[in-house]
Amino acid sequence: MPAEELRARIREVPDFPKPGILFYDITTLLKDGAAMHEAIDLMLAPYRDIRIDLVVGMESRGFIFSAPMAYALGVGLVPVRKLGKLPHETLSVEYALEYGSNTLEIHRDAITPGQRVLIVDDLLATGGTVRGTVDLVSRLGAEIVGLSFLIELLFLKGRERLESFAVSSVIQY
């Protein structure tokens, strides 16, 4: 199933979560088993021949893709969560969203220095969330081998904030 067929399965919701925002609802893709399987395979494809020690998934929709990608690679999964969601000692970073700001956290013992990490999320927009995650993962001494997204909003130029990393996306708007 080519990326264009996957794109056709994503519902566009205007004015969500606030006026002027066009939200790309992936739940319509996720309910189609074949489409979800293909999306995960395509997100993983650029990294299949690269040694990866851990997959890092960003809250919350990033978990949907990062968990099966970690499983397929036979490696562990490290969640990056919103403030106050992780139960042990954490590192945190505040980052800007298209419509506000938020704080992300990671467990301090989640990554060993030198581990090779693939960072995964559903959407690359302005790059604020992933830059925050890159900061956290880098502070723990990881080597970031790539950033994988289902969707990329090209007009928001998030990729420009990530120039020193291998960035891949399946569907571009």
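The values are calculated or read from the model by the stated rules, or taken from the named source; none is laboratory data. Predicted model, so just to flag it, every value in this text is computed and none were measured. Virtual Cβ from ideal backbone geometry, glycine too; neighbours counted across all protein chains shown.
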message: What's the number of the only condition in (1) under 30 Å from residue 155 (Cβ atoms); (2) modelled with pLDDT of 95 or more; (3) surrounded by 14 or more Cβ atoms within 10 Å (Cβ to Cβ) that residue 13 fails to meet?
response: (3)
- prompt: Pick from the stretch 92-109 the residues that are modelled with pLDDT under 80 and in a strand (DSSP E or B): which of them is surrounded by the fewest Cβ atoms within 10 Å (Cβ to Cβ)?
  reply: 100
statement: Checked the stretch 147-158 for anything surrounded by 18 or more Cβ atoms within 10 Å (Cβ to Cβ) and touching a strand residue (DSSP E or B) at 6+ places or on another chain (Cβ under 6 Å); matches are 147, 148, 149, 150, 151, 152, 158
task: From 61, 51, 9, grab the single residue that is more than 27 Å from residue 132 (Cβ to Cβ), charged (D, E, K, R) and either touching a residue at least 40 places away in the same chain (Cβ under 8 Å) or out of contact with any Gly (no Cβ under 7 Å at 6 or more places or on another chain) (or both).
output: 9
- request: Specify which of the listed residues (126, 112) is in contact (Cβ under 8 Å) with a residue 12 or more places away in the chain and closer than 24 Å to residue 26 by Cα.
  value: 126
query: Hey, does the stretch 90-99 have a residue that's under 23 Å from residue 68 (Cα atoms), touching a residue at least 12 places away in the same chain (Cβ under 8 Å) and touching a strand residue (DSSP E or B) at 6+ places or on another chain (Cβ under 9 Å)?
result: no
query: Residues of the stretch 26-41 being loosely packed, with under 12 Cβ neighbours inside 10 Å and assigned to a helix (DSSP H, G or I), which ones?
result: 27, 33, 34
message: Give all pairs with beta carbons closer than 6 Å in which a residue from the stretch 148-161 that is without any contact (Cβ under 8 Å) to a residue 24 or more places away in the chain meets a residue that is of a type outside the set (Phe, Trp, Tyr); count only pairs at least 6 apart in sequence or on separate chains.
response: 154/172
Any chance residue 2 is farther than 21 Å from residue 165 by Cβ, modelled with pLDDT of 95 or more and exposed (fewer than 12 other Cβ atoms within 10 Å of the Cβ): no
message: Being free of Cβ contacts under 8 Å to residues at least 40 places away in the same chain and farther than 19 Å from residue 110 by Cα is the requirement here; does residue 74 meet it?
response: no
task: Select from the stretch 42-72 the residues that are crowded, with 19+ Cβ neighbours inside 10 Å and polar (S, T, N, Q) and list them in ascending order.
output: 66
message: Every residue in the stretch 54-71 that is in a helix (DSSP H, G or I), under 23 Å from residue 113 (Cα atoms) and touching a helix residue (DSSP H, G or I) at 6+ places or on another chain (Cβ under 7 Å), please.
response: 69
